[in-house]
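Colleague: Take a look at this one; I'll ask things after.
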Amino acid sequence: MSVAIADKFRRFCPKCFDFHTHFLQRDVFDASHPHSVSSSFGRNMIPIDIPMMQSMFDPVRQIADMNERGIDMQLLCSCDVVQSRMWAEPDEEARLTRLVNAQCSDWVGRYPNRFVGSGVLPLGNMRMAIKELEWIRSNGLRVVQLPANFRGDYLGHERFDELWAALREANLVAFVHPEGVTDMWFQDYALWNSIGQSIEEVRAMSSLIYKGVMERHRGVKIVMAHGGGYMPHYMGRLDRNFVEKPFTTANLTKKPSEYLAEFYYDSCVYDARTLELLIERVGIDRIVLGGDYPVAAVDPIDFLDTLSISDADKAKVAGGNALRLLGIN
């Protein structure tokens, strides 16, 4: 069904674009997987020979899967719940980071009509991070992938302020995708994945809003994975505090809920009504397609077609919004 549905959307936009797909770099995976939440920090290693894992190492296989899903282009994102480099000392983190970025750049160079690249940063040392940002920019990667936090410092922390300024100046898009909750409580029942990612997105967005990033760096382009988690759907208490607790407003010029429409969000929420509510709250122009390939069980094109919105609006999510955001003709 996906290809036929995608053809319907292409009447309104030229390409279907998946903003949330994953790849792996083998050397980085080997070094980092034992330190990741997805392996329970080395206790439950994911077999590398299963199809899901193999597809993240192989661009040809990814393109074949894109064709089956009706996807014309996709954003390549490092699968950092599997190969997070946050454990490493700065020099090693920088080395592993460059391996990830170089592979992404190579795939884009080989298949420029199918892939758009995102780069990652060695956030353990901000000087190294800014240097890598320049490499990302000069090598044609359009997006910078960021975790929700780095060793407990969420993205609004002052140590990242230079980074936000640089992202805005370079007109690069930030894609915020958590690397998993390290609290061991979330390891039971895979709660790090089912609820932990959404909680991390709430914390990242709260940090960006309350620490004043959205005020100091107005116009910075930030896409939140998984529809921003729970954040867009429970703003009443935050807005109440804006009135009743003035000390919470030190870095705000408006109610917290009014900042929601300054973010972008992917559609990977697994529930049609949740996505419809998100669209009602932030507007159709703020939603991009998110398939979470290859780990999600839901086809993003088929899922999008279940929404109670017009085909023209579905086409904006299917590709139009991402193409505009990334400046792709």
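Colleague: Here is a list of conditions, (1) outside any loop (DSSP other than H, G, I, E, B); (2) modelled with pLDDT under 95, and GLY42 meets all of them except one; can you say which number that is?
Modeller: The one condition GLY42 does not meet is (1).
Colleague: Right, something else. Restricting attention to segment 307-328, does a residue exist that is open to solvent by 20 Å² or more (accessible area, probe 1.4 Å), touching a helix residue (DSSP H, G or I) at 6+ places or on another chain (Cβ under 6 Å) and either under 18 Å from PHE115 (Cα atoms) or modelled with pLDDT under 95 (or both)?
Modeller: Within segment 307-328 (the criterion being open to solvent by 20 Å² or more (accessible area, probe 1.4 Å), touching a helix residue (DSSP H, G or I) at 6+ places or on another chain (Cβ under 6 Å) and either under 18 Å from PHE115 (Cα atoms) or modelled with pLDDT under 95 (or both)), the answer is no, since none of the residues qualifies.
Colleague: Residues in segment 153-200 that are of a type in the set (Gly, Ala, Ser) and either over 22 Å from VAL120 (Cβ atoms) or out of contact with any helix residue (DSSP H, G or I) (no Cβ under 7 Å at 6 or more places or on another chain) (or both): how many?
Modeller: Total meeting the criteria: 3.
Colleague: Further question on the same structure: Inspect segment 19-28 for any residue being open to solvent by 10 Å² or more (accessible area, probe 1.4 Å), within 30 Å of ARG151 (Cβ to Cβ) and not acidic (Asp, Glu) and give the result as yes or no.
Modeller: Looking for residues that are open to solvent by 10 Å² or more (accessible area, probe 1.4 Å), within 30 Å of ARG151 (Cβ to Cβ) and not acidic (Asp, Glu), one finds at least one in segment 19-28, hence yes.
Colleague: I'd like the residue in segment 204-241 that is more than 26 Å from ALA165 (Cβ to Cβ) and open to solvent by 60 Å² or more (accessible area, probe 1.4 Å) and, out of all such residues, is farthest from the chain's Cα centre (by Cα).
Modeller: ARG240
Colleague: Return only the number of the condition from (1) without any contact (Cβ under 8 Å) to a residue 24 or more places away in the chain; (2) closer than 26 Å to ASN171 by Cβ; (3) open to solvent by less than 60 Å² (accessible area, probe 1.4 Å) that ASP58 does not satisfy.
Modeller: ASP58 satisfies all of (1) without any contact (Cβ under 8 Å) to a residue 24 or more places away in the chain; (2) closer than 26 Å to ASN171 by Cβ; (3) open to solvent by less than 60 Å² (accessible area, probe 1.4 Å) except (2).
Colleague: Please find, within segment 253-287, the residue that is surrounded by the fewest Cβ atoms within 10 Å (Cβ to Cβ) out of those that are under 19 Å from the mean Cα position of the chain (by Cα) and among the acidic types (Asp, Glu).
Modeller: It comes out as ASP271.
Colleague: Within segment 73-89, is there a residue that is open to solvent by 10 Å² or more (accessible area, probe 1.4 Å), out of contact with any strand residue (DSSP E or B) (no Cβ under 8 Å at 6 or more places or on another chain) and over 25 Å from GLY291 (Cβ atoms)?
Modeller: Yes, because at least one residue in segment 73-89 is open to solvent by 10 Å² or more (accessible area, probe 1.4 Å), out of contact with any strand residue (DSSP E or B) (no Cβ under 8 Å at 6 or more places or on another chain) and over 25 Å from GLY291 (Cβ atoms).
Colleague: Filter segment 214-261 down to the residues that are of a type in the set (A, V, I, L, M, F, W, C) and part of a helix (DSSP H, G or I) and list them by number.
Modeller: MET214, ALA225, MET231, LEU238, PHE242, VAL243, PHE247, LEU260, ALA261
Colleague: Okay, next question. Looking only at segment 124-171, how many residues end up being of a type in the set (Gly, Ala, Ser) and buried (at least 16 other Cβ atoms within 10 Å of the Cβ)? First the steps, then the outcome.
Modeller: We begin by selecting, within segment 124-171, every residue of a type in the set (Gly, Ala, Ser); these are 124, 129, 138, 140, 148, 152, 156, 165-166, 170.
Now drop any that are not buried (at least 16 other Cβ atoms within 10 Å of the Cβ), which leaves 124, 129, 148, 156, 166.
Of the residues in that region, 5 qualify.
Colleague: Just for segment 262-288: of the residues that are part of a helix (DSSP H, G or I) and of a type outside the set (A, V, I, L, M, F, W, C), which one is nearest to LEU252 (Cα to Cα)?
Modeller: GLU262
Colleague: Name the residue, out of PRO14, PRO47, that is assigned to a loop (DSSP other than H, G, I, E, B), in contact (Cβ under 8 Å) with a residue 12 or more places away in the chain and open to solvent by 60 Å² or more (accessible area, probe 1.4 Å).
Modeller: Just one listed residue meets the conditions, PRO14.
The values are calculated or read from the model by the stated rules, or taken from the named source; none is laboratory data. Since this is a predicted model, take the numbers as computed values, not measurements. Ideal geometry is used to build each Cβ from the backbone, glycine not excepted, and the neighbour counts take in all protein chains shown. Heavy atoms of the whole protein, side chains included, go into the accessibility calculation; ligands, DNA and RNA do not. Shrake-Rupley method; radii C 1.70, N 1.55, O 1.52, S 1.80 Å.
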